[in-house]
Amino acid sequence: MKTPNFDSRMNQPELARIRAEIREFLANDPSIAKPRADSWSHFDAAFSGRLGRAGYIGMTWPKRYGGGERSSLERYVVIEELLAAGAPAAAHWIADRQTGPQLLRFGTEAQRQQVLPAIARGECFCSIGMSEPDSGSDLASVRTRATRTGDGWVINGRKIWTSYAHQSHYVLMLCRTSDNPAARQQGLSQILVPLDVAGLTIRPIINMAGAHDFNELLFEDVQVPADALLGSEGKGWDQVISELAFERSGPERFLSSFVLLEAFADLARQQPSAESATLIGSMISRLVPLRGMSMSIAARLGQGESPNFEAALVKEMGSLFEQDIGDRLLGEIVPAADPTSDDKFRRLLAEAVLHAPSFSIRGGTREILRGIIARDLGLR
Amino acid sequence: MSDIAMIEDTVRRTLADALTANVIEAAEHGAWAGALWERLEAQGFLQPAALAESGDLAEGLEIEAAVLRAAAASALPLPIAETALAGWFLARHHLEPPTGPLSLASFAANEALSIADGRVSGRLERVPWGRNAAGVVAMAGGAMLLLDPRAAAITPGVNLAAEPRDTLEFSNAQPIAIGGAADREQMLCRCAAVRALQMAEAAARALEISVEYAGQRKQFGKPIGGFQAIQHQLAAAAGEVASARVAAQQAYFALAAGQNVVFACAIAKARANDAAGTVARIAHQVHGAIGFTQEYQLHRFTRRIQSWRGEFGASALWNRRLGELVLGAPGRTLWSIVASGI
Ligand SMILES: Cc1cc2nc3c(=O)[nH]c(=O)nc-3n(C[C@H](O)[C@H](O)[C@H](O)COP(=O)(O)OP(=O)(O)OC[C@H]3O[C@@H](n4cnc5c(N)ncnc54)[C@H](O)[C@@H]3O)c2cc1C
């Protein structure tokens with residue numbers, strides 16, 4: 001049985017400066033007049049532009065690609081402050097968290113030069129093209145096909161749940177480039193496709209909160225040049241796996257509803273009661289250790305490790321936690337939730353509860369994560 | 001191996017060798033495991049406060065944690081946590097610890113001893129190994145005291161794990177020593193951190209036993225660990241264990257730094273309490289009937305973590321205290337406290 005490795009110190013005094021900086025930036029930014037629950041699902045290109053120009057996107061990347069050469073913990077502080085403030089961080093989130101790092105690891109110099117500086121400026125946004133109508137948890141079964149032609153690739157197939165494809169510039173696709181029925185994980189490749197390419201139809205899908213965040217993508221003889229391939233042909237699966245520790249361990253896996261808890265604390269200060277103190281305490285006693293776990297992963301990611309076991313533990317515990325906030329407030333304490341209300345608390349409660357079902361689905365379902373944990377425990 | 005890892009390893013080996021079925025069986029029936037105590041005492045790990053002779057607080061705490069981890073992972077039926085804590089409090093008050101096992105009061109808010117003319121009266125409930133202790137650290141009139149259980153009327157009791165929990169009734173008793181002023185909550189926090197650490201490690205061991213068992217026990221022609229329902233239960237337990245361990249680790253860091261002490265200790269104990277219930281339930285479910293037998297070792301861990309949930313603060317107490325602490329901090333947002341402590 002493997003034992004997860006977490007080393008978590010609650011206070012890193014050397015991070016105080018970057019924390020003060022990003023707080024000051026946010027305090028002066030117009031967007032946070034209206035904080036959002038699940039704020040990394042709120043797309044605001046102008047906000048991301050301001051953030052990028054201030055140096056808070058691509059923070060850990062080399063300066064020659066527009067990065068800031070900051071530590072992974074400094075970046076961690078910035079993104080957790082964005083979430084805690086409910087800032088509308090969706091536009092750049094995926095490019096900053098995973099597409100950019102994938103390009104850094106697997107991209108050619110030309111690919112990096114072409115995309116990374118624009119991402120870091122907060123002007124270039126990316127989507128994840130993994131899921132398909134018939135391939136969700138069983139990602140290795142994807143069928144969208146990229147076929148080599150004389151001078152590039154032709155892509156045919158469908159992607160679905162592609163968040164912000166209608167507002168982004170690139171989609172990083174997982175495509176089948178050759179067949180090996182005995183080993184489905186082989187023969188997959190990652191291809192970076194511009195979203196304005198001919199032959200690509202983007203169809204909106206409205207989510208249960210009434211928002212148009214994700215889409216269905218139809219590829220009909222979409223042509224891209226040979227250098228759209230990211231990394232090695234046939235190695236797409238391994239590349240995608242290495243993306244997952246970044247995707248699963250961050251603070252967005254437990255802070256999606258935090259602004260709601262903060263708003264509840266404001267109410268509880270006005271009308272103190274033992275019940276509300278106990279509820280806040282029970283949430284804080286779950287949150288603080290989770291954050292310690294997540295920060296400890298960030299430090300290891302910064303050293304080039306891939307702590308996938310630990311990341312799965314964070315997402316498993318984190319999604320339960322962020323789902324419970326809205327659930328307990330709605331169930332035990334509060335008046336009606338209303339997504340249109342001027343009352344901040346009612347609106348945030350509605351946003352948190354309406355988004356909560358997605359928390360344990362996106363980025364790998366609870367069942368898939370428990371399977372990963374079980375494998376590392378030695379059970380499979 | 002670091003010095004700390006070496007200490008943990010030494011204690012683990014000693015216990016693997018010396019904590020025999022006979023010793024466990026006798027302890028379950030109330031016998032004092034004296035030979036084992038003496039062996040551990042001879043190794044010199046039972047007084048971490050004294051071990052950290054350099055006066056290095058952080059080092060003393062690291063040694064304490066290492067010894068307690070090893071002991072909790074073995075379900076050691078001896079009051080070494082209590083002895084470490086009592087020794088720690090005595091050292092801070094520059095009082096000499098008596099030789100032998102030590103114990104403590106519960107430091108619950110409603111526990112009141114009175115002191116008049118240097119003599120102590122009142123009742124201490126559920127003192128761990130009160131009958132065996134050479135001294136019991138308690139509080140009266142805002143000061144720390146070292147009491148002699150032999151000066152008390154003792155009503156024996158036990159917890160779920162058959163560990164002695166005795167009621168001590170003092171009437172006009174002469175304390176062994178009287179220390180200076182002490183803060184009840186600070187003492188409670190220090191004890192809560194210790195229990196939380198023991199709980200996290202004992203829960204980790206219960207998980208480990210369960211994972212091993214699930215790999216070996218076959219039904220329907222395959223190991224039960226191959227069934228997804230079992231895998232997912234154990235994965236959920238692994239999350240609980242990991243976060244309880246991290247919370248205990250954070251409490252120890254806070255104690256070493258002398259910062260965020262109430263905050264971190266409250267979190268550690270509340271987290272351990274909640275994790276303990278889930279882990280015990282899952283561990284037994286995965287075992288089927290065998291886990292419900294006296295012969296099988298799982299219950300040595302699950303009975304302990306269940307018992308310890310109520311000691312030095314149940315979840316209701318700590319969650320409420322934590323909520324009041326964070327809500328009562330003037331001008332602080334919840335987030336600023338989560339991010340930087342309080
Ligand atoms: C808000 C949101 C945004 C998203 N954004 C993107 C995006 O930008 N790009 C992208 O590519 N995808 C995106 N996704 C898709 C997401 O990755 C998938 O939803 C997820 O992988 C699950 O796939 P599925 O929805 O097809 O469910 P399914 O895989 O069909 O699962 C349905 C249920 O069956 C369970 N299940 C499946 N297989 C097993 C198994 N082996 N054992 C036990 N239970 C199993 C699942 O856990 C789940 O409970 C997004 C999803 C959401 C909700």
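The values are calculated or read from the model by the stated rules, or taken from the named source; none is laboratory data. Treat the numbers as computed from the prediction; the structure is a model and nothing was measured. Note that each Cβ is placed from the backbone with ideal geometry, even for glycine, and that neighbours are counted across all protein chains shown.
Here are some notes:
- Lone unmet requirement of (1) within 21 Å of the chain's Cα centre (by Cα); (2) within 30 Å of residue A:37 (Cβ to Cβ) for residue A:112: (2)
- Identity of the residue in region A:328-339, surrounded by fewer than 19 Cβ atoms within 10 Å (Cβ to Cβ) and farther than 28 Å from residue B:239 by Cα, that ends up nearest to the ligand (Cβ to nearest atom): A:339
- Any chance residue A:259 is surrounded by 22 or more Cβ atoms within 10 Å (Cβ to Cβ), within 10 Å of chain B (Cβ to nearest Cβ) and under 19 Å from residue A:347 (Cβ atoms): yes
- Against the test of being within 16 Å of the ligand (Cβ to nearest atom), outside the structural domain of residue A:199 (by TED's automatic domain parsing) and assigned to a loop (DSSP other than H, G, I, E, B), the options A:36, A:97 yield a single qualifying residue, A:36.
- In the set A:290, A:320, A:301, only one residue is in a helix (DSSP H, G or I) and crowded, with 24+ Cβ neighbours inside 10 Å; that residue is A:290.
- Hits in region A:150-184 - residues which are at pLDDT 95 or above, more than 10 Å from the ligand (Cβ to nearest atom) and of a type outside the set (Gly, Ala, Ser): A:153, A:154, A:155, A:156, A:158, A:166, A:167, A:169, A:170, A:175, A:176, A:177
- Applying the criterion of being more than 14 Å from chain B (Cβ to nearest Cβ) and surrounded by fewer than 16 Cβ atoms within 10 Å (Cβ to Cβ) to the residues of region A:340-380, the residue that is nearest to the ligand (Cβ to nearest atom) is A:361.
- Subset of region B:310-327 that is part of a helix (DSSP H, G or I), aliphatic (A, V, I, L, M) and in contact (Cβ under 8 Å) with a residue 12 or more places away in the chain - its residue that is surrounded by the fewest Cβ atoms within 10 Å (Cβ to Cβ): B:325
- For residue A:137, the test of being loosely packed, with under 14 Cβ neighbours inside 10 Å, touching a residue at least 40 places away in the same chain (Cβ under 8 Å) and assigned by TED's automatic domain parsing to the domain that holds residue A:211 is passed.
- Residue satisfying condition, being under 29 Å from residue B:277 (Cβ atoms) and surrounded by 24 or more Cβ atoms within 10 Å (Cβ to Cβ), within set B:190, B:217, B:195: B:195
- Selected residue [surrounded by fewer than 18 Cβ atoms within 10 Å (Cβ to Cβ), outside the structural domain of residue A:226 (by TED's automatic domain parsing), assigned to a helix (DSSP H, G or I) and in contact (Cβ under 8 Å) with a residue 12 or more places away in the chain] from A:104, A:83: A:104
- Considered as a group, the residues in region A:84-94 that are within 16 Å of the ligand (Cβ to nearest atom) and in contact with a helix residue (DSSP H, G or I) (Cβ under 8 Å, 6 or more places away or on another chain) include one that is farthest from residue A:37 (Cα to Cα), and that residue is A:92.
- If the condition is being part of a strand (DSSP E or B) and more than 16 Å from the ligand (Cβ to nearest atom), then region A:112-145 contributes only A:145.
- No other residue among A:168, A:163, A:189 is more than 25 Å from residue A:357 (Cα to Cα) and not aliphatic (A, V, I, L, M) apart from A:189.
- Segments classed as strands (runs of 3 or more DSSP E), wholly inside region B:90-195, with at least 1 members that are more than 26 Å from residue B:249 (Cβ to Cβ): B:113-116, B:119-128, B:135-140, B:143-147, B:153-155, B:165-173, B:177-181
- Taken together, the residues in region B:252-272 that are facing another protein chain (nearest Cβ under 9 Å) and either surrounded by 24 or more Cβ atoms within 10 Å (Cβ to Cβ) or not in a helix (DSSP H, G or I) (or both) amount to 11.
- Some residue of region A:338-347 being in contact with a helix residue (DSSP H, G or I) (Cβ under 6 Å, 6 or more places away or on another chain), assigned to a loop (DSSP other than H, G, I, E, B) and acidic (Asp, Glu): yes
- Among the residues making up region B:189-234, a single one is within 25 Å of the chain's Cα centre (by Cα) and free of Cβ contacts under 8 Å to residues at least 12 places away in the same chain: B:208.
- Any hit, region A:6-15, residues being under 30 Å from residue B:201 (Cβ atoms), in a helix (DSSP H, G or I) and modelled with pLDDT of 95 or more: no
- Region A:283-299, residues that are farther than 30 Å from residue A:346 by Cβ and either polar (S, T, N, Q) or more than 9 Å from chain B (Cβ to nearest Cβ) (or both): A:295, A:296, A:297, A:298, A:299
- Hits in region A:203-236 - residues which are of a type in the set (Val, Ile, Thr) and more than 15 Å from the ligand (Cβ to nearest atom): A:222, A:224
- Any hit, region A:300-315, residues being closer than 23 Å to residue B:314 by Cα, of a type outside the set (Asp, Glu) and facing another protein chain (nearest Cβ under 9 Å): no
- Any hit, region B:306-313, residues being within 14 Å of another protein chain (Cβ to nearest Cβ) and at pLDDT 95 or above: yes
- The number of residues in region A:168-206 that are touching a Leu at 6+ places or on another chain (Cβ under 9 Å) and buried (at least 16 other Cβ atoms within 10 Å of the Cβ) comes to 19.
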